[in-house]
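Q: The structure that follows is given in the form of structure tokens.
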Amino acid sequence: MRAQPFTRSTIVAANELLAEAIRSHTQINKMVLRLGLETEVPDDTSLGIEKKCDRLGRTILDRALVPVETLDGRFSLAEAFVREAVSLAEQSSSSIRQRDLLRGLARDGYVVVWGEWREPPRLRAALPEEVDLPAADDEVRELLKRFGFTVPLRHLDQAIEAHTRGDWEAANAQLRTFLEGLFNDIARSIDPSRAARLQEGINMRQMLADNSIEFLAIDRKEWTADGRSYIEGLFKMLHTDGSHPGLSDEDHCTFRLHVVLVTARTFLRRRQQGRLSSLPPG
């Protein structure tokens with residue numbers, strides 16, 4: 001069970017799909033019973049179905065990390081709830097609420113496996129638990145605020161907003177700008193006077209790899225003079241499928257979001273710990 005498997009926006013999207021898909025009091029009452037929340041949501045008709053869904057969603061947000069036993073194992077209440085909502089999804093549905101939930105799940109590192117022979121769809125982690133995208137997102141935002149990196153934070157917010165509305169090209173462009181701004185600000189935070197004399201972008205990243213700073217590791221191929229490093233390879237990938245219509249799709253945009261978040265977390269952690277690249281081999 002991941003400590004924090006889903007973002008708030010995904011839980012809200014699950015609740016909105018629930019309100020759309022639930023057809024009877026009996027259906028939602030059974031779900032409430034499975035989640036162990038029968039004392040929070042009445043089983044009679046004193047509340048309408050939509051109000052029951054609203055109360056259920058608010059309860060889930062308040063107790064998201066409380067563990068609950070289900071037939072599929074032990075999960076946080078939030079994950080058990082999202083799994084319930086996913087079971088109501090339909091593969092051929094054109095529902096906007098279902099679309100929003102699927103996009104939220106993708107951002108959080110999950111995919112929906114569609115059932116066969118009338119089996120309900122199931123939720124599956126698309127990434128290892130160690131990645132934990134919602135936690136990575138929270139940590140990246142916290143560290144950006146702590147260092148005062150406000151411009152990269154704004155671009156990250158805009159990237160996620162664009163991904164949420166399905167504007168893949170705009171999201172790609174904002175992710176690229178976010179990562180470039182992040183390395184620019186890291187360089188300025190390490191040596192402001194030297195950074196002020198440089199043009200932004202590759203010159204800032206070269207500075208971070210120089211012998212006098214060694215924030216980017218040359219021996220680990222984070223940076224190389226010939227541009228065949230991890231960092232420059234990532235930027236080359238991010239410079240494709242930009243803000244031109246029709247050049248990207250949801251899967252690749254989501255992949256970029258995951259890679260950029262994990263990369264940003266790694267280097268923000270390094271900056272926070274005051275470490276440079278001279279780490280023990282590993």
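The values are calculated or read from the model by the stated rules, or taken from the named source; none is laboratory data. Remember, it's a predicted structure, so these values are computed and weren't measured experimentally. Every residue, glycine among them, receives a Cβ derived from its backbone with ideal geometry; neighbour counts consider all protein chains shown. Accessible surface areas use protein heavy atoms only, side chains included; no ligands, DNA or RNA. Shrake-Rupley method; radii C 1.70, N 1.55, O 1.52, S 1.80 Å.
Q: So which residues in the range 182-207 are within 19 Å of ARG270 (Cα to Cα) and in contact with an Asp or Glu (Cβ under 8 Å, 6 or more places away or on another chain)?
A: Of everything in the range 182-207, those that are within 19 Å of ARG270 (Cα to Cα) and in contact with an Asp or Glu (Cβ under 8 Å, 6 or more places away or on another chain) turn out to be ASN184, ARG205, MET207.
Q: While we're looking at this one, here's another question. Could you please let me know if SER87 is over 20 Å from HIS163 (Cβ atoms), of a type in the set (Gly, Ala, Ser), out of contact with any Cys (no Cβ under 9 Å at 6 or more places or on another chain) and modelled with pLDDT of 90 or more?
A: Taking the combined requirement at face value, the residue satisfies it.
Q: Can you pull out the residues in the range 96-117 that are of a type outside the set (Val, Ile, Thr), over 18 Å from the mean Cα position of the chain (by Cα) and more than 15 Å from VAL12 (Cβ to Cβ)?
A: TRP114, GLY115, GLU116, TRP117, listed by residue number.
Q: Additional query: Just to be sure before I move on: is HIS155 under 22 Å from ASP108 (Cβ atoms), at pLDDT 95 or above and not hydrophobic (A, V, I, L, M, F, W, C) in the structure I sent?
A: Yes: the conditions hold for HIS155.
Q: Shifting gears a bit: Could you name every one of the helices (runs of 4 or more DSSP H) located completely within the range 158-275 that has at least 2 residues being among the charged types (D, E, K, R)?
A: Passing ranges, in order: 168-190, 230-238, 250-272.
Q: Somewhere in the range 95-116, is a residue modelled with pLDDT under 90, more than 30 Å from LEU268 (Cα to Cα) and among the charged types (D, E, K, R)?
A: Yes, the range 95-116 contains a residue that is modelled with pLDDT under 90, more than 30 Å from LEU268 (Cα to Cα) and among the charged types (D, E, K, R).
Q: Going residue by residue through the range 181-197, is there one that turns out to be β-branched (Val, Ile, Thr) and under 21 Å from GLN272 (Cα atoms)?
A: yes
Q: Related question: Could you list, in sequence order, the residues of the range 49-84 that are under 11 Å from ASN15 (Cα atoms) and among the hydrophobic types (A, V, I, L, M, F, W, C)?
A: CYS53, LEU56, ILE60, LEU61, ALA78, PHE81, VAL82
Q: Moving on. I need the full set of residues from the range 72-106 which are touching a strand residue (DSSP E or B) at 6+ places or on another chain (Cβ under 7 Å), part of a helix (DSSP H, G or I) and open to solvent by 10 Å² or more (accessible area, probe 1.4 Å), in order please.
A: ARG83, LEU102 - these are the residues of the range 72-106 that are touching a strand residue (DSSP E or B) at 6+ places or on another chain (Cβ under 7 Å), part of a helix (DSSP H, G or I) and open to solvent by 10 Å² or more (accessible area, probe 1.4 Å).
Q: Right, next: Of all residues in the range 248-282, which are modelled with pLDDT under 70 and more than 25 Å from ASP108 (Cβ to Cβ)?
A: ARG275, LEU276, SER277, SER278, LEU279, PRO280, PRO281, GLY282
Q: Would you tally the residues in the range 107-141 being open to solvent by less than 50 Å² (accessible area, probe 1.4 Å), assigned to a loop (DSSP other than H, G, I, E, B) and either touching a helix residue (DSSP H, G or I) at 6+ places or on another chain (Cβ under 7 Å) or over 19 Å from HIS258 (Cβ atoms) (or both)?
A: 6
Q: Could you tell me how many of the residues in the range 56-71 are farther than 17 Å from PRO134 by Cα, assigned to a helix (DSSP H, G or I) and either among the hydrophobic types (A, V, I, L, M, F, W, C) or in contact with a Gly (Cβ under 6 Å, 6 or more places away or on another chain) (or both)?
A: 1
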